[in-house]
């Protein structure tokens, strides 16, 4: 489909989107069950999204300053660990609302900019402008498919396991996607 030699180990297009796509539904289910409040669910998701968006320039600056090879592993590790802590804190009912809120805000603060970094790496690898447009198109389609399909495993898992298992699945996906790829390669 793309006449380019594969880049040094890199994840498939938008492979980082799967955990990002599954986390909102997973954290919604687990927070609703643990706290019994949809107001808390909304607050938790707002805290996650707000911290992710407001701190994205800081995380991007870290990548620019130290390079993806050095900046992304600790950010990605924190992003995998914090949802794991959220799952542990909300595994049973009766969680205090401040706990999932704080953990979600911290997870959002650590959301790694894997998508933009991988798009830059792919663009560097494919020098032909038309090919770069194809790569971006493929990446965009893959990302949209992940956002449509990402919540499905969470819903299936929620039928047979506690909702917090979906949050663990999101954490595992980000760790696996990053680890299998060996992280982005330096330019």
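The values are calculated or read from the model by the stated rules, or taken from the named source; none is laboratory data. Here the structure is a predicted model, which is why all the values come from computation and not from measurement. Positions of Cβ are generated from backbone atoms using ideal geometry, with glycine treated the same way; all protein chains shown enter the neighbour counts.
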* **Residues (farther than 26 Å from residue 158 by Cβ and buried (at least 21 other Cβ atoms within 10 Å of the Cβ)) located in the range 60-105** => 63, 68, 71, 72
* Asked: Among the residues of the range 35-45, is any out of contact with any helix residue (DSSP H, G or I) (no Cβ under 6 Å at 6 or more places or on another chain), outside any helix (DSSP H, G or I) and either over 23 Å from residue 150 (Cβ atoms) or in contact (Cβ under 8 Å) with a residue 12 or more places away in the chain (or both)?
  -> yes
* Working only within the range 53-72, note down all residues that are touching a helix residue (DSSP H, G or I) at 6+ places or on another chain (Cβ under 8 Å) and touching a residue at least 60 places away in the same chain (Cβ under 8 Å). => 68, 72
* Selected residue [at pLDDT 90 or above and more than 15 Å from the chain's Cα centre (by Cα)] from 57, 68 -> 57
* Can you tell me which residue among 50, 31 is assigned to a helix (DSSP H, G or I), modelled with pLDDT of 90 or more and touching a helix residue (DSSP H, G or I) at 6+ places or on another chain (Cβ under 6 Å)? => 31
* Report, by residue number, each residue of the range 83-95 that is in contact (Cβ under 8 Å) with a residue 40 or more places away in the chain and either outside any helix (DSSP H, G or I) or in contact with a helix residue (DSSP H, G or I) (Cβ under 6 Å, 6 or more places away or on another chain) (or both). => 83, 84, 86, 87, 89, 90, 91, 92, 93, 94, 95
* Which one of these is surrounded by fewer than 19 Cβ atoms within 10 Å (Cβ to Cβ), modelled with pLDDT of 80 or more and on the phi < 0 side of the Ramachandran plot: 123, 161, 109? -> 161
